[in-house]
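**Student:** I have a structure I would like to understand better, so I am pasting it below and will then ask my questions one at a time.
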Amino acid sequence: MSLNWYRYASPGKFYPVASKMIPWFATAAAILFIIGLYVGLFLAPRDFQQGEAYRVLFIHVPAAWMGMLLYILMAIYAGIGWAFNARLSSMMASSLSITGAMFTFLSLVTGSMWGKPTWGTWWVWDARTTSTLILLFLYIGFVSLQSAIDDPRRADRAGAVLALVGVINVPIIYYSVQWWNTLHQGATIRIVDKPTIAAPMLAAMLIMLAACWLYSIAVVLTRLCCAIIERERGVGWREEALTR
Amino acid sequence: MSTPSQFAMFRWLVRRDLTLAWRRRADALSTLFFFVIVVSLFPLSIGPDTQLLRSIASGLVWVAALLASMLSLGRLFAGDYVDGTLEQMLMTPQPLYLIVLGKAFAQWLVSEVPLILITPLVGTQFGWTRSALLLLVVSLVLGIPVFSLIGSIGAALTLGLRGGGVLLSLLVLPLYIPALIFGAGAAEASLASGSPEANLYLLGAVLVLTVVFAPWATSAALRISLE
């Protein structure tokens, strides 16, 4: 029997499955966070050059990855929702946007916490920092456009146009910022190429990344379920599911 | 009845927008004065140190031009949207792509050409050499259409929304960044007697990409906003 993927594109079919999966993802995320923090804070050795301060990277690096990946994912879902008129995809894009913005913000904050002891300054106009900041602006634009539009279908489509324009612009912005930086100040501050990373460090990083993924899935699904409940007001299955 | 050719439509649209702008001259002039005032505010806030001003002037002029071109974006579709003309335009057999391009072109002639023309005058306030001024003008000629074309996407998306003006700036300002970097970089390189060509080429590439793709995105956004 072949699996019918379109079955779960309907909010009525998706909601019962998703709401059952949320606790599993949330529990797994919590367990992995605890393991990852233990490995990162207690088992991983002290860094030769950066001292203890480098440990903030165990949350910084996964957060930065998540911020970028979730933007691309958001644009894909928004595009699918627009092209195929699939409202569940569009709701997914809106749910992803806030988590993505949160991770981008978190990576900026933890990045400056790491930069103060290591580089001696809270903020550097370095290519990566600047492009992450611009990514946060793109998320803010998406969220504020969607919240300014009252009609949910128009909000979905307008958001899709903006997300797709944004995702095409992301590489252009990234390279322009990189070239701008090299033109202006050159390599005055550079992260010294670290020797091969110690095994516990790598393990902590990967566990934290997995924890961030699971956390994102749990939170996005929760937000998606709330969006479904809100939007499918007055539809038969929803009244049944809520009173059951 | 035969439908007019696509080029006739484009010409008609530009002429109509120019006529409308001519009847409301104050709108275009206010953008221009805004630009001049913003540029003149910087020496007042930073101090009259000529050396410092000369070194940052290209960035100042570029940011002021960016803000000024954003001011006029709200008017791009708003008037036609309110009186229903835009809806009629969407129903014509001519491609919406050309309509958007025509409106953006008219907007460029009305609000941005004057701004580029007055730049040499503004630049002399900062004691620039002639070649540096020429480069600044060239970079603005290439860069400002990028602003109005990308801005038209945002203007179409925010059509008829409350708080449209501030929202519009949130949407489009991050997308302006590549043009700003390359444009201000070209003008800056001329001051530092570096080579501005690389930045100008990149700015030209961004312009070509925008001319091809932005009207398409704007058309899609207009259809979404007007359905």
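The values are calculated or read from the model by the stated rules, or taken from the named source; none is laboratory data. Fair warning: this is a prediction, and the values are worked out from it, not measured in the lab. Glycine gets a Cβ as well: all are built from the backbone with ideal geometry, and neighbour counts include every protein chain shown.
**Student:** From (1) modelled with pLDDT under 90; (2) more than 14 Å from chain B (Cβ to nearest Cβ), pick out the condition that doesn't hold for A:VAL109.
**Tutor:** Failed condition: (1).
**Student:** Hey, among the residues in the range B:206-227 that are more than 9 Å from chain A (Cβ to nearest Cβ) and without any contact (Cβ under 8 Å) to a residue 40 or more places away in the chain, which one's farthest from B:MET91 (Cα to Cα)?
**Tutor:** In this case the residue turns out to be B:VAL208.
**Student:** Restricting to the range B:185-203, count the residues that are more than 9 Å from every other protein chain (Cβ to nearest Cβ) and either at positive phi or over 15 Å from the mean Cα position of the chain (by Cα) (or both).
**Tutor:** The qualifying residues number 11.
**Student:** I'd like to check something: does the range A:74-85 contain any residue that is over 14 Å from the mean Cα position of the chain (by Cα), assigned to a loop (DSSP other than H, G, I, E, B), away from every other protein chain (no Cβ under 12 Å) and crowded, with 18+ Cβ neighbours inside 10 Å?
**Tutor:** Within the range A:74-85, not a single residue is over 14 Å from the mean Cα position of the chain (by Cα), assigned to a loop (DSSP other than H, G, I, E, B), away from every other protein chain (no Cβ under 12 Å) and crowded, with 18+ Cβ neighbours inside 10 Å.
**Student:** Also, I was wondering about something else. In this structure, does B:LEU170 turn out to be in contact with a Gly (Cβ under 8 Å, 6 or more places away or on another chain), crowded, with 23+ Cβ neighbours inside 10 Å, within 11 Å of chain A (Cβ to nearest Cβ) and not small (Gly, Ala, Ser)?
**Tutor:** Criteria not met by B:LEU170.
**Student:** Another one. Look through the range A:171-204, keep the residues that are closer than 12 Å to A:TRP125 by Cα and at pLDDT 50 or above, and return whichever of them is surrounded by the fewest Cβ atoms within 10 Å (Cβ to Cβ).
**Tutor:** In this case the residue turns out to be A:THR182.
**Student:** Yes or no: the range A:51-66 includes at least one residue that is of a type in the set (A, V, I, L, M, F, W, C), surrounded by 13 or more Cβ atoms within 10 Å (Cβ to Cβ) and under 18 Å from A:PHE142 (Cβ atoms).
**Tutor:** Among the residues of the range A:51-66, at least one is of a type in the set (A, V, I, L, M, F, W, C), surrounded by 13 or more Cβ atoms within 10 Å (Cβ to Cβ) and under 18 Å from A:PHE142 (Cβ atoms), which makes the answer yes.
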